[in-house]
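Read-outs: derived from the displayed coordinates by stated rules, not from any lab. Everything quoted here is computed from the prediction, not taken from an experiment. A quick note on method: Cβ atoms are made from the backbone with ideal geometry, for glycine too, and the neighbour counts reach across all protein chains shown.
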Amino acid sequence: MFRTKTHQQSSLEMVNIEDMVPVHVVTNLWTESAETIAEIYRARWQAEVFFRWIKQQLQVKQLMGTCKNSVYNQLYGALIAYVLLRWLYQQT
């Protein structure tokens, strides 16, 4: 049991995901199967890997905006610049 920000009590469950490497995940998704939680975890991890790639390859150290549209604009601009630079590099 733990308390949330609003001081409500909530329970957690330990889920064992047996894949190539066993992973233990603590979750409060009681109605979901371990396989579903594993898929959610993998999708979340892919998002983390994508943002790490953006920070490293596109030199985006910090997102400037806080609203959805400004984040999209910054990411699209960085991706367009990356594709153009990659294309120019391959042309030489």
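Things worth noting here:
- For the range 39-83, the residues whose amide N sits under 15 Å from a probe point set 7 Å from the Cα of Gln91 along the beta carbon direction are 81-83.
- Counting neighbouring Cβ atoms within 10 Å and putting the fewest first, the residues Lys68, Lys55 line up as Lys68, Lys55.
- Site pair Tyr41 and Val71 shows an inter-label distance of 2.4 nm when each label is modelled 7 Å from Cα along Cα→Cβ.
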